[in-house]
Amino acid sequence: MIRRTLIAGLATATVSASALAQGYPDHPVRLIVPYAPGGSADIVARLISDEWGKALGKPLVVENKAGAGGNLGVAEVAKAAGDGYTVGLQTVSLAINPALTPKMPYDTLKDLAPVGMVASSQHVLVVNENVPAKTVKDLVALAKRQPGKLSYASAGTGSTFHMAAELFKAVAGVSIVHIPYRGGGPALSDTIGGQTEMAFPVLSAAQGHVQSGRLRALGVTGPRRSPLMPNVPTIAEAGVPGYSFETWFMVFVPSGTPKPVVDRLNATLNAVLATPTVKDRMAKEGFDASPSTPAAARARLEKELPQWAKLVKERGITAD
């Protein structure tokens with residue numbers, strides 16, 4: 001009797017999920033970005049939202065919910081109803097923040113269900129014009145001759161600027177002082193002005209300053225050269241083998257969202273990412289479209305969560 005009841009319950013749940021997916025969506029979908037407008041996550045969300053809404057048949061409305069290093073907006077998604085009408089978009093900070101925040105407002109793997117990867121983007125190691133280093137090897141040699149004398153600016157503790165630099169320090173074996181700022185703009189301004197010697201901004205933010213000569217690009221952080229700066233080598237090929245850092249962007253929903261709904265979100269997202277229009281728009285902003293399955297996105301999270309936890313512990317990094 002118990003078994004029959006259980007089977008009947010499962011059958012009812014399956015039918016309900018299928019029915020929901022067939023009529024989904026029947027009203028606009030919220031796409032929550034856990035940062036203020038103008039940042040990289042916001043740019044990516046707005047690059048895809050219009051076309052993704054068209055593919056779904058209902059608008060995707062971007063909502064910026066900034067706070068707590070991105071945790072506030074992600075927590076709102078985690079606590080929302082699992083009906084497919086609240087979707088989140090976050091950066092690699094989704095894998096980094098649990099190591100930085102002792103009391104997280106959500107459990108990344110238990111409370112969230114990845115829909116798929118969206119894009120990836122590189123950062124670039126830049127120095128101001130007064131720094132004598134012309135190459136990554138020069139900079140590493142300079143840092144080793146003067147441990148703790150050089151400094152780098154970041155967009156704040158736990159930011160991708162910060163993590164790209166800390167990974168560089170760990171792999172290169174150098175001591176460089178971290179100077180956190182409240183945002184990437186001020187960090188770059190003070191690097192240009194000479195208050196700090198270097199920074200690891202995203203490519204699109206640094207490109208204009210590099211072209212004007214106010215900053216010198218020594219190496220891009222990813223595994224391959226970037227079309228935005230084709231003459232700039234990767235940091236790995238320029239003298240720090242084994243180094244690689246990319247910012248990625250992932251879409252997710254609350255756990256418990258029916259699989260047919262997740263699959264529909266994933267299929268329409270991937271279709272949009274494959275269109276020449278969206279791919280070209282992304283490339284101009286320094287992003288590479290990176291469609292994936294929900295399983296592949298989850299596997300990336302599962303792989304990177306312990307990697308970032310290890311780095312944060314080894315480097316003694318704490319949240320502001």
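The values are calculated or read from the model by the stated rules, or taken from the named source; none is laboratory data. Quick caveat, the model's predicted, so the values are computed rather than measured. A quick note on method: Cβ atoms are made from the backbone with ideal geometry, for glycine too, and the neighbour counts reach across all protein chains shown.
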- Note on the structure: Within the range 296-320, residues being in contact (Cβ under 8 Å) with a residue 40 or more places away in the chain and more than 18 Å from the chain's Cα centre (by Cα) number 6
- Task: Restrict the check to the range 247-254 and report whether at least one residue is surrounded by fewer than 20 Cβ atoms within 10 Å (Cβ to Cβ) and either at pLDDT 95 or above or touching a helix residue (DSSP H, G or I) at 6+ places or on another chain (Cβ under 9 Å) (or both).
- Result: no
- Query: Which residues, taken from the range 25-78, are modelled with pLDDT under 95 and surrounded by fewer than 18 Cβ atoms within 10 Å (Cβ to Cβ)?
  - Reply: Ala36, Pro37, Gly38, Ala66, Gly67, Ala68
- Item | Leading residue by the ranking (farthest from Leu218 (Cα to Cα)) among those in the range 146-197 that are of a type in the set (D, E, K, R) and free of Cβ contacts under 8 Å to residues at least 40 places away in the same chain | Arg182
- Message: Exactly one of these conditions fails for Thr234: (1) more than 20 Å from Ala299 (Cα to Cα); (2) buried (at least 16 other Cβ atoms within 10 Å of the Cβ); (3) touching a residue at least 60 places away in the same chain (Cβ under 8 Å). Give me its number.
- Response: (3)
- Task: Considering only the range 149-179, state which residues are modelled with pLDDT under 95 and surrounded by fewer than 22 Cβ atoms within 10 Å (Cβ to Cβ).
- Result: Gly156, Thr157
- Message: What's the number of the only condition in (1) among the basic types (Lys, Arg); (2) within 17 Å of Thr91 (Cβ to Cβ); (3) outside the structural domain of Asp107 (by TED's automatic domain parsing) that Arg216 fails to meet?
- Response: (2)
- Filter the range 40-53 for residues that are touching a residue at least 12 places away in the same chain (Cβ under 8 Å) and either more than 22 Å from Ala78 (Cβ to Cβ) or of a type in the set (Gly, Ala, Ser) (or both) and give the result. Ser40, Ala41, Ile43, Ala45, Arg46, Leu47, Ser49, Glu51, Gly53
- Phe168 passes all but one of the listed conditions (1) within 20 Å of Val118 (Cβ to Cβ); (2) under 18 Å from the mean Cα position of the chain (by Cα); the exception is number (1)
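Considering only residues of the range 180-204 that are in contact with a strand residue (DSSP E or B) (Cβ under 7 Å, 6 or more places away or on another chain) and of a type in the set (Gly, Ala, Ser), which is surrounded by the fewest Cβ atoms within 10 Å (Cβ to Cβ)? Step through it out loud before you land on a result.
Quick first cut of the range 180-204, residues in contact with a strand residue (DSSP E or B) (Cβ under 7 Å, 6 or more places away or on another chain) only: 180-181, 187-188, 190-192, 194, 196-203.
Filter again for of a type in the set (Gly, Ala, Ser), leaving 187, 194, 199.
On the way: Ala187: 27, Gly194: 11, Ala199: 31.
Here the answer is Gly194.
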- Task: Could you please find all residues in the range 231-286 being acidic (Asp, Glu), in a helix (DSSP H, G or I) and within 20 Å of the chain's Cα centre (by Cα)?
- Result: Asp280
- Please find, within the range 84-122, the residue that is surrounded by the fewest Cβ atoms within 10 Å (Cβ to Cβ) out of those that are over 14 Å from the mean Cα position of the chain (by Cα) and small (Gly, Ala, Ser). Ala99
